[in-house]
């Protein structure tokens with residue numbers, strides 16, 4: 001059986017046991033800086049994740065912290081990421097490690113235009129508005 005590579009040449013099991021400092025050395029410099037300078041919001045999110053993981057809760061962890069870097073400790077948890085309108089729900093997979101949460105919850109949609117509305121043609125600008 002072929003082992004699946006999850007992150008930077010490591011298997012899923014190897015990624016899950018990485019410590020914070022070991023993981024920080026594997027990610028790019030921007031993510032490493034974010035992890036080292038974790039803000040109060042990021043600390044709150046990590047505490048919430050620890051609480052859910054220790055109690056074995058299978059609830060969705062809702063957050064608006066789109067710039068949070070996904071760490072190996074979060075693999076298998078369900079997150080609800082706010083996209084500006086609603087919470088998009090997804091489960092953290094090994095391939096997502098090292099990316100930002102916001103990369104998986106798009107904040108814009110594709111615009112689908114339909115037929116023009118009433119008085120929306122070029123020739124109708126000379127008609128009365130009544």
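Quick look at the numbers
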| quantity | calculated |
| --- | --- |
| Candidates 42, 73 - the one that is more than 30 Å from residue 109 (Cα to Cα), surrounded by 13 or more Cβ atoms within 10 Å (Cβ to Cβ) and out of contact with any strand residue (DSSP E or B) (no Cβ under 6 Å at 6 or more places or on another chain) | 73 |
| Within segment 76-98, tally of residues that are under 17 Å from residue 12 (Cα atoms) and either touching a residue at least 60 places away in the same chain (Cβ under 8 Å) or surrounded by 15 or more Cβ atoms within 10 Å (Cβ to Cβ) (or both) | 7 |
| Considering residues of segment 45-59 that are surrounded by fewer than 16 Cβ atoms within 10 Å (Cβ to Cβ) and closer than 23 Å to residue 85 by Cβ only, the residue modelled with the lowest pLDDT | 59 |
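The values are calculated or read from the model by the stated rules, or taken from the named source; none is laboratory data. Here the structure is a predicted model, which is why all the values come from computation and not from measurement. Cβ coordinates were reconstructed from backbone atoms using ideal geometry, including for glycine residues, and neighbour counts include every protein chain displayed.
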